[in-house]
Amino acid sequence: MADKKIKLTKADRFNVMWHSQFLQGSWNYERMQNGGYVYSMIPALRKLYPNKKDLSAALQRHLVFFNTHPYLASPVIGVTLALEEDKANGVPVQDEAIQGVKVGMMGPLAGVGDPVFWYTVRPIVGALGASMAIQGNILGPILFFVIWNVIRLAFLWYTQEFGYRAGSAITKDVSGGLLQKVTRGASMMGMFVLGALIERWVIIKFTPVVSKTPIQKGGYINWDALPKGPRAIQQALIQWNKGNGLSLTKFKTTTLQDNLDSLIPGLAGLLLTFLCMWLLKKKVSPIWIIIGIFVIGVLFHVWHIL
Amino acid sequence: MNAIQMILVVLVAFLAGMEGILDEWQFHQPLVACTLIGLVTGHLDLGIILGGQLQMIALGWANIGAAVAPDAALASIASAIILVESGQGTKGVGTATGIAIPLAVAGLFLTMIVRTISTAIVHIMDADAKKASWRKINMWQWIDVCLQGLRIAVPAALLLAIPSTTVQHWLGLMPTWLAQGMSIGGAMVVAVGYAMVINMMASKEVWPFFAIGFALAAIKDLTLIALGAIGLSLALMYLALESKGGNGNGKGGSSSNDNSDTGDPLGDIIDDY
(Lines give C-alpha, C1' and ligand atoms only; values in the text may rest on other atoms or scores of the structure.)
Protein backbone atom coordinates (compact mmCIF):
# COMPACT_ATOMS: atom_id res chain seq x y z
CA MET A 1 0.00 0.00 0.00
CA ALA A 2 3.02 2.24 0.37
CA ASP A 3 3.12 3.17 -3.30
CA LYS A 4 -0.22 5.00 -3.53
CA LYS A 5 -0.99 7.60 -0.93
CA ILE A 6 -4.48 7.92 0.53
CA LYS A 7 -5.18 11.44 1.72
CA LEU A 8 -8.12 12.59 3.79
CA THR A 9 -9.77 15.48 1.99
CA LYS A 10 -11.39 18.45 3.67
CA ALA A 11 -14.78 16.88 2.93
CA ASP A 12 -13.72 13.68 4.72
CA ARG A 13 -12.62 15.65 7.74
CA PHE A 14 -15.81 17.64 7.76
CA ASN A 15 -17.77 14.40 7.61
CA VAL A 16 -15.85 13.16 10.66
CA MET A 17 -16.58 16.41 12.48
CA TRP A 18 -20.28 16.04 11.69
CA HIS A 19 -20.31 12.47 12.97
CA SER A 20 -18.47 13.51 16.13
CA GLN A 21 -21.59 15.38 17.23
CA PHE A 22 -22.99 11.96 18.13
CA LEU A 23 -20.02 11.14 20.33
CA GLN A 24 -22.11 10.62 23.45
CA GLY A 25 -24.97 8.81 21.73
CA SER A 26 -23.92 5.36 22.89
CA TRP A 27 -22.51 6.53 26.22
CA ASN A 28 -22.27 3.44 28.42
CA TYR A 29 -21.03 2.51 31.87
CA GLU A 30 -18.34 0.19 30.57
CA ARG A 31 -16.26 2.19 28.09
CA MET A 32 -18.21 5.48 28.02
CA GLN A 33 -17.73 7.33 24.70
CA ASN A 34 -16.07 4.46 22.82
CA GLY A 35 -19.01 3.71 20.51
CA GLY A 36 -19.34 7.35 19.60
CA TYR A 37 -15.62 7.62 18.97
CA VAL A 38 -15.55 4.77 16.49
CA TYR A 39 -18.71 6.16 14.90
CA SER A 40 -16.96 9.51 14.40
CA MET A 41 -13.88 7.85 12.88
CA ILE A 42 -15.76 5.53 10.51
CA PRO A 43 -15.98 7.94 7.52
CA ALA A 44 -12.18 8.29 7.59
CA LEU A 45 -11.32 4.69 8.46
CA ARG A 46 -13.46 3.37 5.61
CA LYS A 47 -11.44 5.40 3.15
CA LEU A 48 -8.05 4.75 4.70
CA TYR A 49 -8.41 0.97 5.00
CA PRO A 50 -10.03 -0.56 1.93
CA ASN A 51 -8.70 -3.91 3.10
CA LYS A 52 -11.27 -5.62 5.33
CA LYS A 53 -8.70 -6.98 7.77
CA ASP A 54 -7.09 -3.59 8.32
CA LEU A 55 -10.48 -1.93 8.71
CA SER A 56 -11.53 -4.48 11.31
CA ALA A 57 -8.34 -3.84 13.28
CA ALA A 58 -8.87 -0.09 13.07
CA LEU A 59 -12.49 -0.33 14.21
CA GLN A 60 -11.49 -2.43 17.21
CA ARG A 61 -8.65 -0.04 17.97
CA HIS A 62 -11.12 2.78 18.48
CA LEU A 63 -13.64 0.82 20.53
CA VAL A 64 -11.50 1.08 23.65
CA PHE A 65 -12.42 3.23 26.63
CA PHE A 66 -12.66 6.91 25.86
CA ASN A 67 -14.15 9.80 27.80
CA THR A 68 -13.64 13.52 27.67
CA HIS A 69 -15.66 16.66 27.20
CA PRO A 70 -17.74 16.11 24.02
CA TYR A 71 -16.37 19.22 22.27
CA LEU A 72 -12.79 18.75 23.42
CA ALA A 73 -12.82 15.35 21.74
CA SER A 74 -12.39 17.21 18.45
CA PRO A 75 -8.67 17.96 18.79
CA VAL A 76 -8.12 14.33 19.86
CA ILE A 77 -10.01 13.11 16.81
CA GLY A 78 -7.92 15.46 14.65
CA VAL A 79 -4.68 13.99 15.97
CA THR A 80 -5.85 10.40 15.56
CA LEU A 81 -6.96 11.20 12.01
CA ALA A 82 -3.41 12.32 11.22
CA LEU A 83 -1.92 9.22 12.86
CA GLU A 84 -4.31 6.84 11.12
CA GLU A 85 -3.55 8.51 7.80
CA ASP A 86 0.17 7.97 8.34
CA LYS A 87 -0.42 4.37 9.36
CA ALA A 88 -2.55 3.66 6.30
CA ASN A 89 0.22 5.06 4.12
CA GLY A 90 2.78 2.68 5.48
CA VAL A 91 4.38 4.73 8.25
CA PRO A 92 5.00 2.34 11.15
CA VAL A 93 2.67 3.90 13.73
CA GLN A 94 2.21 1.53 16.64
CA ASP A 95 -1.28 0.88 17.98
CA GLU A 96 0.07 1.86 21.38
CA ALA A 97 1.05 5.28 20.05
CA ILE A 98 -2.51 5.96 18.94
CA GLN A 99 -3.93 4.76 22.27
CA GLY A 100 -1.30 6.74 24.12
CA VAL A 101 -2.28 9.97 22.38
CA LYS A 102 -5.97 9.42 23.08
CA VAL A 103 -5.50 8.59 26.74
CA GLY A 104 -2.89 11.30 27.23
CA MET A 105 -5.15 14.01 25.84
CA MET A 106 -8.59 13.13 27.15
CA GLY A 107 -7.91 13.85 30.82
CA PRO A 108 -6.39 17.33 30.57
CA LEU A 109 -8.83 18.35 27.83
CA ALA A 110 -11.88 17.37 29.88
CA GLY A 111 -10.46 19.60 32.63
CA VAL A 112 -10.54 22.52 30.20
CA GLY A 113 -13.92 21.83 28.60
CA ASP A 114 -16.02 21.62 31.74
CA PRO A 115 -15.15 25.02 33.21
CA VAL A 116 -15.09 26.78 29.84
CA PHE A 117 -18.23 25.42 28.21
CA TRP A 118 -20.48 24.15 31.01
CA TYR A 119 -19.54 26.69 33.66
CA THR A 120 -18.81 29.85 31.73
CA VAL A 121 -20.18 30.01 28.21
CA ARG A 122 -23.47 28.21 28.83
CA PRO A 123 -24.38 30.03 32.06
CA ILE A 124 -23.56 33.38 30.45
CA VAL A 125 -25.32 32.81 27.12
CA GLY A 126 -28.14 30.98 28.92
CA ALA A 127 -28.66 33.80 31.41
CA LEU A 128 -28.62 36.36 28.63
CA GLY A 129 -31.31 34.44 26.76
CA ALA A 130 -33.31 33.61 29.88
CA SER A 131 -33.39 37.21 31.13
CA MET A 132 -34.98 38.22 27.81
CA ALA A 133 -37.27 35.18 27.69
CA ILE A 134 -38.73 35.81 31.16
CA GLN A 135 -40.20 38.99 29.72
CA GLY A 136 -41.65 36.96 26.85
CA ASN A 137 -39.09 38.09 24.29
CA ILE A 138 -38.63 35.52 21.51
CA LEU A 139 -35.13 36.88 20.87
CA GLY A 140 -34.02 35.21 24.13
CA PRO A 141 -34.22 31.58 22.95
CA ILE A 142 -33.12 32.49 19.41
CA LEU A 143 -30.02 34.33 20.61
CA PHE A 144 -29.12 31.48 22.93
CA PHE A 145 -29.49 28.87 20.20
CA VAL A 146 -27.60 30.81 17.53
CA ILE A 147 -24.72 32.10 19.67
CA TRP A 148 -24.16 28.74 21.30
CA ASN A 149 -24.14 26.73 18.09
CA VAL A 150 -21.94 29.15 16.16
CA ILE A 151 -19.38 28.98 18.96
CA ARG A 152 -19.70 25.21 19.20
CA LEU A 153 -19.48 24.34 15.49
CA ALA A 154 -16.56 26.72 14.96
CA PHE A 155 -14.81 25.17 17.94
CA LEU A 156 -15.38 21.58 16.75
CA TRP A 157 -14.12 22.29 13.25
CA TYR A 158 -11.10 24.46 14.01
CA THR A 159 -9.78 22.39 16.91
CA GLN A 160 -10.15 19.19 14.88
CA GLU A 161 -8.25 20.82 11.99
CA PHE A 162 -5.65 22.07 14.45
CA GLY A 163 -5.21 18.57 15.84
CA TYR A 164 -5.02 17.09 12.35
CA ARG A 165 -2.30 19.50 11.26
CA ALA A 166 -0.33 19.36 14.49
CA GLY A 167 -0.45 15.57 14.66
CA SER A 168 1.07 14.04 17.73
CA ALA A 169 3.06 17.21 18.43
CA ILE A 170 -0.07 18.61 20.06
CA THR A 171 0.27 16.41 23.15
CA LYS A 172 3.10 18.62 24.38
CA ASP A 173 0.90 21.67 24.03
CA VAL A 174 -2.03 20.30 25.95
CA SER A 175 -0.57 20.59 29.42
CA GLY A 176 1.20 23.80 28.48
CA GLY A 177 0.40 27.46 28.82
CA LEU A 178 -2.30 28.48 26.37
CA LEU A 179 -5.09 26.12 27.40
CA GLN A 180 -4.50 26.88 31.06
CA LYS A 181 -4.68 30.56 30.30
CA VAL A 182 -7.98 30.17 28.45
CA THR A 183 -9.40 28.19 31.36
CA ARG A 184 -8.32 30.77 33.90
CA GLY A 185 -9.62 33.65 31.82
CA ALA A 186 -12.92 31.88 31.44
CA SER A 187 -13.17 31.32 35.19
CA MET A 188 -12.54 35.00 35.87
CA MET A 189 -15.19 36.17 33.46
CA GLY A 190 -17.50 33.43 34.67
CA MET A 191 -17.19 34.48 38.30
CA PHE A 192 -17.75 38.12 37.40
CA VAL A 193 -20.97 37.29 35.57
CA LEU A 194 -22.07 34.94 38.36
CA GLY A 195 -21.73 37.75 40.86
CA ALA A 196 -23.93 39.89 38.63
CA LEU A 197 -26.47 37.13 38.06
CA ILE A 198 -26.88 36.44 41.76
CA GLU A 199 -27.56 40.12 42.41
CA ARG A 200 -30.12 40.30 39.60
CA TRP A 201 -31.86 36.95 39.55
CA VAL A 202 -31.91 35.33 42.97
CA ILE A 203 -35.09 37.06 43.97
CA ILE A 204 -36.00 37.11 47.66
CA LYS A 205 -38.42 39.71 48.94
CA PHE A 206 -39.07 39.93 52.66
CA THR A 207 -42.53 41.36 53.18
CA PRO A 208 -42.76 42.08 56.95
CA VAL A 209 -43.39 45.78 57.62
CA VAL A 210 -40.69 47.30 59.80
CA SER A 211 -42.15 50.73 60.34
CA LYS A 212 -45.16 52.79 59.40
CA THR A 213 -44.63 56.51 59.93
CA PRO A 214 -47.10 59.30 59.13
CA ILE A 215 -46.05 61.69 56.38
CA GLN A 216 -46.28 65.47 56.85
CA LYS A 217 -49.17 67.28 55.23
CA GLY A 218 -48.30 68.12 51.62
CA GLY A 219 -46.13 65.04 51.30
CA TYR A 220 -49.02 62.90 50.21
CA ILE A 221 -51.81 63.33 47.69
CA ASN A 222 -54.79 65.09 49.24
CA TRP A 223 -57.49 62.98 47.65
CA ASP A 224 -60.37 65.15 48.85
CA ALA A 225 -58.94 68.26 47.14
CA LEU A 226 -58.84 66.60 43.70
CA PRO A 227 -61.39 67.64 41.04
CA LYS A 228 -64.29 65.31 40.28
CA GLY A 229 -64.44 62.68 37.52
CA PRO A 230 -61.69 61.35 35.27
CA ARG A 231 -59.66 64.54 35.80
CA ALA A 232 -59.00 63.33 39.34
CA ILE A 233 -57.15 60.31 38.02
CA GLN A 234 -55.03 62.50 35.77
CA GLN A 235 -54.24 64.89 38.63
CA ALA A 236 -53.39 62.07 41.00
CA LEU A 237 -51.06 60.42 38.49
CA ILE A 238 -49.30 63.73 37.82
CA GLN A 239 -48.80 64.31 41.54
CA TRP A 240 -47.66 60.73 42.11
CA ASN A 241 -45.16 61.04 39.23
CA LYS A 242 -44.36 57.31 39.05
CA GLY A 243 -43.42 57.22 42.70
CA ASN A 244 -41.05 60.21 42.49
CA GLY A 245 -43.67 62.75 43.55
CA LEU A 246 -46.20 62.69 46.34
CA SER A 247 -47.04 59.60 48.34
CA LEU A 248 -50.30 57.77 47.72
CA THR A 249 -51.13 57.31 51.39
CA LYS A 250 -50.70 59.24 54.61
CA PHE A 251 -48.19 56.73 55.89
CA LYS A 252 -44.73 55.72 54.77
CA THR A 253 -44.33 51.96 55.13
CA THR A 254 -40.88 50.43 55.23
CA THR A 255 -40.57 46.70 54.71
CA LEU A 256 -37.67 44.60 55.89
CA GLN A 257 -36.67 44.36 52.22
CA ASP A 258 -36.36 48.16 51.89
CA ASN A 259 -33.94 48.19 54.82
CA LEU A 260 -31.87 45.37 53.34
CA ASP A 261 -31.75 47.04 49.94
CA SER A 262 -30.40 50.28 51.34
CA LEU A 263 -27.63 48.27 52.99
CA ILE A 264 -26.59 45.88 50.20
CA PRO A 265 -28.96 45.18 47.30
CA GLY A 266 -29.19 41.45 46.69
CA LEU A 267 -27.69 40.52 50.05
CA ALA A 268 -30.31 37.85 50.80
CA GLY A 269 -29.69 36.17 47.45
CA LEU A 270 -25.95 36.21 48.04
CA LEU A 271 -26.33 34.63 51.48
CA LEU A 272 -28.66 31.97 50.09
CA THR A 273 -26.07 31.16 47.41
CA PHE A 274 -23.33 30.81 50.03
CA LEU A 275 -25.60 28.54 52.05
CA CYS A 276 -26.17 26.37 48.96
CA MET A 277 -22.41 26.22 48.30
CA TRP A 278 -21.82 25.09 51.86
CA LEU A 279 -24.54 22.43 51.64
CA LEU A 280 -23.15 21.19 48.32
CA LYS A 281 -19.69 20.91 49.82
CA LYS A 282 -21.22 18.89 52.64
CA LYS A 283 -22.30 16.49 49.88
CA VAL A 284 -25.98 17.32 50.19
CA SER A 285 -27.63 16.40 46.90
CA PRO A 286 -28.64 19.45 44.83
CA ILE A 287 -32.06 17.85 44.36
CA TRP A 288 -32.71 17.93 48.12
CA ILE A 289 -31.55 21.52 48.34
CA ILE A 290 -33.93 22.48 45.53
CA ILE A 291 -36.85 20.68 47.16
CA GLY A 292 -35.94 22.26 50.49
CA ILE A 293 -36.00 25.75 48.98
CA PHE A 294 -39.45 25.14 47.52
CA VAL A 295 -40.73 23.95 50.90
CA ILE A 296 -39.24 27.02 52.60
CA GLY A 297 -40.74 29.26 49.92
CA VAL A 298 -44.22 27.87 50.59
CA LEU A 299 -43.89 27.88 54.41
CA PHE A 300 -42.47 31.43 54.60
CA HIS A 301 -45.19 32.64 52.26
CA VAL A 302 -47.87 31.13 54.48
CA TRP A 303 -46.22 32.78 57.51
CA HIS A 304 -46.14 36.12 55.63
CA ILE A 305 -42.37 36.40 55.75
CA LEU A 306 -41.88 36.21 51.98
CA MET B 1 -54.58 20.09 20.82
CA ASN B 2 -55.11 18.43 17.47
CA ALA B 3 -53.36 15.34 16.12
CA ILE B 4 -50.70 17.24 14.17
CA GLN B 5 -49.79 19.30 17.22
CA MET B 6 -49.48 16.15 19.32
CA ILE B 7 -47.16 14.55 16.78
CA LEU B 8 -45.03 17.71 16.72
CA VAL B 9 -44.87 17.76 20.53
CA VAL B 10 -43.64 14.17 20.56
CA LEU B 11 -41.07 15.03 17.87
CA VAL B 12 -39.76 17.96 19.91
CA ALA B 13 -39.60 15.65 22.93
CA PHE B 14 -37.62 13.12 20.87
CA LEU B 15 -35.15 15.81 19.80
CA ALA B 16 -34.75 17.00 23.39
CA GLY B 17 -34.16 13.43 24.58
CA MET B 18 -31.39 12.90 22.03
CA GLU B 19 -29.73 16.19 22.90
CA GLY B 20 -30.03 15.55 26.62
CA ILE B 21 -27.22 13.07 26.23
CA LEU B 22 -25.41 14.40 23.14
CA ASP B 23 -25.21 17.92 24.61
CA GLU B 24 -24.47 19.53 21.24
CA TRP B 25 -27.29 21.61 19.76
CA GLN B 26 -28.89 22.22 23.18
CA PHE B 27 -32.44 21.26 22.22
CA HIS B 28 -32.76 19.89 25.73
CA GLN B 29 -32.07 23.22 27.42
CA PRO B 30 -35.33 24.67 28.84
CA LEU B 31 -34.94 27.87 26.88
CA VAL B 32 -35.09 25.95 23.58
CA ALA B 33 -37.26 22.97 24.56
CA CYS B 34 -40.07 24.96 26.23
CA THR B 35 -40.08 27.52 23.42
CA LEU B 36 -40.46 24.75 20.82
CA ILE B 37 -43.29 23.10 22.77
CA GLY B 38 -44.95 26.51 23.02
CA LEU B 39 -44.44 27.07 19.29
CA VAL B 40 -46.02 23.80 18.15
CA THR B 41 -48.95 24.06 20.56
CA GLY B 42 -49.72 27.67 19.67
CA HIS B 43 -48.73 29.08 23.08
CA LEU B 44 -45.39 30.54 22.03
CA ASP B 45 -45.29 33.28 24.68
CA LEU B 46 -46.02 30.82 27.49
CA GLY B 47 -43.26 28.51 26.29
CA ILE B 48 -40.73 31.34 26.14
CA ILE B 49 -41.52 32.60 29.65
CA LEU B 50 -41.43 29.13 31.21
CA GLY B 51 -38.24 28.38 29.28
CA GLY B 52 -36.57 31.50 30.62
CA GLN B 53 -37.68 30.72 34.16
CA LEU B 54 -36.45 27.12 34.06
CA GLN B 55 -33.22 28.09 32.26
CA MET B 56 -32.32 30.31 35.19
CA ILE B 57 -32.70 27.31 37.49
CA ALA B 58 -30.85 24.91 35.22
CA LEU B 59 -27.85 27.16 34.48
CA GLY B 60 -25.47 25.13 36.58
CA TRP B 61 -26.70 21.69 35.58
CA ALA B 62 -24.03 19.94 33.52
CA ASN B 63 -23.02 16.40 32.65
CA ILE B 64 -19.52 15.84 33.96
CA GLY B 65 -17.77 12.55 33.41
CA ALA B 66 -20.02 9.72 34.43
CA ALA B 67 -22.24 11.96 36.55
CA VAL B 68 -25.44 13.19 34.94
CA ALA B 69 -27.03 16.41 36.12
CA PRO B 70 -30.76 16.63 36.88
CA ASP B 71 -32.46 15.97 33.58
CA ALA B 72 -33.34 19.29 31.97
CA ALA B 73 -34.96 17.58 28.96
CA LEU B 74 -37.79 15.78 30.78
CA ALA B 75 -38.25 18.69 33.17
CA SER B 76 -38.71 21.24 30.38
CA ILE B 77 -40.81 19.12 28.03
CA ALA B 78 -43.19 17.73 30.64
CA SER B 79 -43.70 20.98 32.55
CA ALA B 80 -44.28 22.85 29.28
CA ILE B 81 -46.95 20.33 28.25
CA ILE B 82 -48.61 20.58 31.67
CA LEU B 83 -48.53 24.37 31.54
CA VAL B 84 -50.14 24.44 28.09
CA GLU B 85 -52.80 21.91 29.07
CA SER B 86 -53.60 23.67 32.34
CA GLY B 87 -54.91 26.68 30.44
CA GLN B 88 -53.83 28.92 33.33
CA GLY B 89 -51.69 31.16 31.15
CA THR B 90 -48.72 32.96 32.71
CA LYS B 91 -50.22 32.45 36.19
CA GLY B 92 -49.39 28.76 35.91
CA VAL B 93 -45.66 29.33 35.26
CA GLY B 94 -44.72 29.21 38.95
CA THR B 95 -46.56 25.93 39.46
CA ALA B 96 -45.07 24.42 36.31
CA THR B 97 -41.60 25.38 37.54
CA GLY B 98 -42.25 23.53 40.79
CA ILE B 99 -43.49 20.45 38.96
CA ALA B 100 -40.36 20.44 36.77
CA ILE B 101 -38.00 19.62 39.64
CA PRO B 102 -39.23 16.11 40.56
CA LEU B 103 -39.45 15.41 36.83
CA ALA B 104 -35.76 16.29 36.48
CA VAL B 105 -35.00 13.54 38.97
CA ALA B 106 -37.24 11.03 37.20
CA GLY B 107 -35.40 11.80 33.96
CA LEU B 108 -32.13 10.92 35.68
CA PHE B 109 -33.46 7.45 36.37
CA LEU B 110 -34.53 6.98 32.75
CA THR B 111 -31.04 7.98 31.58
CA MET B 112 -29.52 5.31 33.78
CA ILE B 113 -31.72 2.67 32.17
CA VAL B 114 -30.74 3.70 28.64
CA ARG B 115 -27.06 3.82 29.53
CA THR B 116 -27.27 0.32 30.89
CA ILE B 117 -28.82 -0.87 27.63
CA SER B 118 -25.99 0.93 25.79
CA THR B 119 -23.47 -1.18 27.65
CA ALA B 120 -24.95 -4.27 26.04
CA ILE B 121 -25.03 -2.59 22.62
CA VAL B 122 -21.34 -1.78 22.78
CA HIS B 123 -20.62 -5.50 22.94
CA ILE B 124 -22.60 -5.98 19.74
CA MET B 125 -20.43 -3.24 18.23
CA ASP B 126 -17.33 -5.21 19.28
CA ALA B 127 -18.57 -8.22 17.35
CA ASP B 128 -19.34 -6.06 14.31
CA ALA B 129 -15.88 -4.50 14.43
CA LYS B 130 -14.33 -7.96 14.26
CA LYS B 131 -16.26 -8.55 11.04
CA ALA B 132 -15.35 -5.04 9.80
CA SER B 133 -19.03 -4.31 9.18
CA TRP B 134 -18.99 -0.59 9.76
CA ARG B 135 -22.55 -0.18 8.55
CA LYS B 136 -23.84 -2.19 11.49
CA ILE B 137 -21.79 -0.11 13.94
CA ASN B 138 -23.36 3.02 12.46
CA MET B 139 -26.78 1.42 12.78
CA TRP B 140 -26.30 0.52 16.44
CA GLN B 141 -25.04 4.01 17.18
CA TRP B 142 -28.27 5.34 15.70
CA ILE B 143 -30.38 2.88 17.66
CA ASP B 144 -28.69 4.14 20.80
CA VAL B 145 -29.36 7.77 19.92
CA CYS B 146 -33.00 6.93 19.18
CA LEU B 147 -33.36 5.18 22.56
CA GLN B 148 -32.24 8.43 24.17
CA GLY B 149 -34.88 10.24 22.16
CA LEU B 150 -37.60 7.80 23.19
CA ARG B 151 -36.57 8.33 26.81
CA ILE B 152 -38.35 11.71 26.63
CA ALA B 153 -40.76 11.11 23.73
CA VAL B 154 -42.61 8.26 25.49
CA PRO B 155 -43.31 10.16 28.73
CA ALA B 156 -44.41 13.14 26.61
CA ALA B 157 -46.85 10.96 24.65
CA LEU B 158 -48.21 9.54 27.92
CA LEU B 159 -48.75 13.05 29.26
CA LEU B 160 -50.63 13.99 26.09
CA ALA B 161 -52.86 10.95 26.55
CA ILE B 162 -54.16 12.44 29.80
CA PRO B 163 -57.08 14.69 28.85
CA SER B 164 -56.40 18.34 29.58
CA THR B 165 -59.57 18.57 31.69
CA THR B 166 -58.03 16.04 34.09
CA VAL B 167 -54.82 18.06 34.27
CA GLN B 168 -56.83 21.20 34.92
CA HIS B 169 -58.81 19.41 37.61
CA TRP B 170 -55.66 18.29 39.42
CA LEU B 171 -54.07 21.72 39.21
CA GLY B 172 -57.37 23.27 40.32
CA LEU B 173 -57.12 21.32 43.56
CA MET B 174 -53.95 23.21 44.38
CA PRO B 175 -54.67 26.10 46.80
CA THR B 176 -53.47 29.62 45.95
CA TRP B 177 -51.05 29.84 48.86
CA LEU B 178 -49.26 26.75 47.59
CA ALA B 179 -49.03 28.04 44.02
CA GLN B 180 -47.78 31.46 45.19
CA GLY B 181 -45.32 29.87 47.59
CA MET B 182 -43.95 27.71 44.78
CA SER B 183 -43.44 30.81 42.61
CA ILE B 184 -41.45 32.38 45.45
CA GLY B 185 -39.46 29.17 45.84
CA GLY B 186 -38.85 29.09 42.10
CA ALA B 187 -37.30 32.55 42.22
CA MET B 188 -34.95 31.50 45.05
CA VAL B 189 -34.03 28.07 43.75
CA VAL B 190 -31.91 29.70 41.03
CA ALA B 191 -29.23 30.04 43.71
CA VAL B 192 -28.54 26.29 43.72
CA GLY B 193 -27.36 26.31 40.09
CA TYR B 194 -25.10 29.29 40.73
CA ALA B 195 -23.70 27.64 43.84
CA MET B 196 -22.84 24.50 41.83
CA VAL B 197 -20.97 26.56 39.25
CA ILE B 198 -19.12 28.64 41.86
CA ASN B 199 -18.03 25.53 43.73
CA MET B 200 -16.47 24.25 40.49
CA MET B 201 -14.75 27.46 39.45
CA ALA B 202 -13.82 29.30 42.62
CA SER B 203 -10.17 29.87 43.37
CA LYS B 204 -8.30 32.56 45.24
CA GLU B 205 -7.65 34.68 42.16
CA VAL B 206 -11.21 34.78 40.85
CA TRP B 207 -13.13 35.88 43.99
CA PRO B 208 -12.41 39.58 43.40
CA PHE B 209 -14.07 39.25 40.00
CA PHE B 210 -17.13 37.85 41.71
CA ALA B 211 -17.26 40.77 44.14
CA ILE B 212 -16.96 43.37 41.36
CA GLY B 213 -19.68 41.65 39.35
CA PHE B 214 -22.02 41.56 42.34
CA ALA B 215 -21.47 45.22 43.15
CA LEU B 216 -21.85 46.45 39.57
CA ALA B 217 -25.05 44.49 38.98
CA ALA B 218 -26.86 46.79 41.42
CA ILE B 219 -26.61 49.48 38.72
CA LYS B 220 -29.76 48.55 36.86
CA ASP B 221 -28.86 50.57 33.77
CA LEU B 222 -26.15 48.08 32.88
CA THR B 223 -27.55 45.33 30.68
CA LEU B 224 -26.28 41.79 30.88
CA ILE B 225 -24.35 42.34 27.66
CA ALA B 226 -22.61 45.39 29.11
CA LEU B 227 -21.75 43.40 32.24
CA GLY B 228 -20.38 40.58 30.09
CA ALA B 229 -18.19 43.05 28.21
CA ILE B 230 -16.85 44.46 31.49
CA GLY B 231 -16.14 40.97 32.80
CA LEU B 232 -14.35 39.91 29.63
CA SER B 233 -12.25 43.08 29.59
CA LEU B 234 -11.25 42.65 33.22
CA ALA B 235 -10.17 39.07 32.61
CA LEU B 236 -8.17 40.04 29.51
CA MET B 237 -6.52 42.91 31.36
CA TYR B 238 -5.60 40.67 34.26
CA LEU B 239 -4.00 38.06 32.01
CA ALA B 240 -2.20 40.69 29.92
CA LEU B 241 -0.80 42.48 32.97
CA GLU B 242 0.24 39.18 34.52
CA SER B 243 2.28 38.12 31.49
CA LYS B 244 3.98 41.53 31.43
CA GLY B 245 4.79 41.44 35.14
CA GLY B 246 8.59 41.24 35.66
CA ASN B 247 8.87 38.20 37.91
CA GLY B 248 5.62 36.74 36.62
CA ASN B 249 5.05 33.91 39.02
CA GLY B 250 2.87 32.05 36.54
CA LYS B 251 0.68 29.91 38.67
CA GLY B 252 -0.44 26.64 37.21
CA GLY B 253 -3.96 27.70 36.53
CA SER B 254 -7.09 27.24 38.49
CA SER B 255 -7.52 23.97 40.27
CA SER B 256 -11.04 23.53 39.08
CA ASN B 257 -11.47 19.83 39.64
CA ASP B 258 -9.32 19.57 42.70
CA ASN B 259 -11.28 19.45 45.90
CA SER B 260 -8.51 18.82 48.38
CA ASP B 261 -6.57 22.06 47.90
CA THR B 262 -8.77 24.54 46.15
CA GLY B 263 -6.88 27.73 46.90
CA ASP B 264 -10.33 29.05 47.60
CA PRO B 265 -10.38 30.98 50.87
CA LEU B 266 -14.12 31.37 51.18
CA GLY B 267 -14.61 27.74 50.21
CA ASP B 268 -12.15 26.69 52.88
CA ILE B 269 -14.03 28.69 55.48
CA ILE B 270 -17.24 27.04 54.39
CA ASP B 271 -15.50 23.66 54.53
CA ASP B 272 -14.22 24.19 58.04
CA TYR B 273 -17.50 25.47 59.32
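See the values below:
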item: Number of the condition not met by A:Lys5 [criteria: (1) in contact with a Phe, Trp or Tyr (Cβ under 7 Å, 6 or more places away or on another chain); (2) more than 30 Å from B:Leu150 (Cβ to Cβ); (3) among the charged types (D, E, K, R)]; result: (1)
item: Pick from the stretch B:184-212, criterion β-branched (Val, Ile, Thr) and open to solvent by 20 Å² or more (accessible area, probe 1.4 Å), ranking: nearest to the other protein chains (Cβ to nearest Cβ); result: B:Ile184
item: Top-ranked residue in the stretch B:5-56 [being open to solvent by 40 Å² or more (accessible area, probe 1.4 Å) and not in a helix (DSSP H, G or I); ranked as farthest from A:Gly269 (Cα to Cα)]; result: B:Gly42
item: Boolean, A:Leu48 is more than 9 Å from every other protein chain (Cβ to nearest Cβ) and over 22 Å from B:Trp25 (Cα atoms); result: yes
item: Sole residue being in a helix (DSSP H, G or I) and more than 13 Å from chain B (Cβ to nearest Cβ), chosen from A:Ile147, A:Ile142, A:Ile151, A:Ile98; result: A:Ile98
item: Residue among A:Gly245, A:Gly229 that is surrounded by 10 or more Cβ atoms within 10 Å (Cβ to Cβ) and of a type in the set (Gly, Ala, Ser); result: A:Gly245
item: Checklist (1) open to solvent by less than 20 Å² (accessible area, probe 1.4 Å); (2) without any contact (Cβ under 8 Å) to a residue 60 or more places away in the chain applied to A:Thr213, failing item; result: (1)
item: A:Leu271 more than 7 Å from every other protein chain (Cβ to nearest Cβ), of a type in the set (A, V, I, L, M), assigned to a helix (DSSP H, G or I) and within 11 Å of B:Ile184 (Cα to Cα); result: no
item: Candidate set: the stretch A:30-41, residues that are at the interface with chain B (Cβ under 9 Å from one of its Cβ atoms) and in contact with a His (Cβ under 7 Å, 6 or more places away or on another chain); chosen: the one surrounded by the fewest Cβ atoms within 10 Å (Cβ to Cβ); result: A:Tyr39
item: Filter pass, B:Ile101 being open to solvent by less than 20 Å² (accessible area, probe 1.4 Å), over 20 Å from A:Ile293 (Cβ atoms) and part of a helix (DSSP H, G or I); result: no
item: Number of the condition not met by B:Ala62 [criteria: (1) open to solvent by 40 Å² or more (accessible area, probe 1.4 Å); (2) farther than 18 Å from B:Ala161 by Cα]; result: (1)
item: Residue list for the stretch A:58-94, restricted to those being within 14 Å of chain B (Cβ to nearest Cβ) and surrounded by fewer than 18 Cβ atoms within 10 Å (Cβ to Cβ); result: A:Gln60, A:Val64, A:Phe65
item: Matching entry among A:Lys283, A:Lys252 (being within 14 Å of chain B (Cβ to nearest Cβ), charged (D, E, K, R) and open to solvent by 80 Å² or more (accessible area, probe 1.4 Å)); result: A:Lys283
item: Which numbered condition A:Leu237 fails, given (1) of a type in the set (A, V, I, L, M); (2) more than 14 Å from every other protein chain (Cβ to nearest Cβ); (3) surrounded by 16 or more Cβ atoms within 10 Å (Cβ to Cβ); result: (3)
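The values are calculated or read from the model by the stated rules, or taken from the named source; none is laboratory data. Everything quoted here is computed from the prediction, not taken from an experiment. Heads up, the Cβs are rebuilt from the backbone with ideal geometry, glycines too, and the neighbour counts pull from every protein chain shown. Each accessible area value is taken on the protein alone, full model and side chains, heavy atoms only, with ligands, DNA and RNA left out. Shrake-Rupley method; radii C 1.70, N 1.55, O 1.52, S 1.80 Å.
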